[in-house]
Amino acid sequence: MARQTPERSLRALFPVMTLLFSGCLAALPDNQSLPVKQACLISEERAIPITLEIARSSEERSRGLMEREMLEPDAGMLFVYSNERRADHGFWMYRTLIPLDIAYLDRQGTIRAIRQMAPCPSGQGRDCPTYRAGVPFYLALEMNQGYFQSRKIEVGDRLSLEPSDCH
């Protein structure tokens, strides 16, 4: 019987370890891989620092904040579109567990509309309401419900992704 060398044993073990490791990665929530960016909301009075996860692809935007049990107080998710969305485009709260505010923004980051969204308890997406923007938009910003009102952020204020604007 031929004796295996340690190097040969490791080579045989490598495919098994790769499969196990990839299975662990698949168990992580999809939004763990989203880029995170420091940003700020700017009103006439001040700049408010926030931390944003950036959802750019269709898959990232579809997943959004689904199944999250909490969102840090000054954290949110920014949905980025390459083309302007129509005013009748909106968001829904299917499989979203936390109440959220959503701000619809133009290409320059100016807030054009703010809506409050409640979690949808239905097991079917078609039974969940859609929160339409009411204005054309390029960006949508989701934060914990009450965030904009409690910080006096309103239509006409803006989002900046430039760190120099956030002092």
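Just so you know, all these numbers are worked out from the coordinates, no wet-lab data involved. Quick caveat: nothing in here was measured; it's all calculated off a predicted structure. Cβ placement follows ideal geometry from the backbone for every residue including glycine, while neighbour counts extend to all protein chains displayed.
Report the Stokes-Einstein translational diffusion coefficient (µm² s⁻¹, integer) for region 41-157, Rh taken as the Kirkwood radius over Cα pairs, at 4 °C with viscosity 1.567 mPa s.
Reported coefficient: 90 µm²/s.
Mind giving me the nanometre distance, one decimal, between the label points for Gln116 and Arg68, set 7 Å out from Cα along Cα→Cβ?
1.9 nm
Once the dipole of region 73-120 is set up with Lys and Arg at +1 and Asp and Glu at -1 on Cβ about the Cα centre, which of Gln108, Leu97, Tyr81 lies farthest towards its positive end?
After comparing all options, I get Tyr81.
Using only Cα positions of region 92-166, each an equal point scatterer, no hydration layer, compute I(q)/I(0) via Debye at q = 0.16, 0.22, 0.23 Å⁻¹ and quote the log10 values to two decimals.
Relative scattering, expressed as log10 I(q)/I(0), comes to -0.61, -0.99, -1.04.
Could you give the dipole magnitude of region 61-167 about its Cα centre, charging the beta-carbon of Lys and Arg +1 and that of Asp and Glu -1, in debye to the nearest 20?
360 debye
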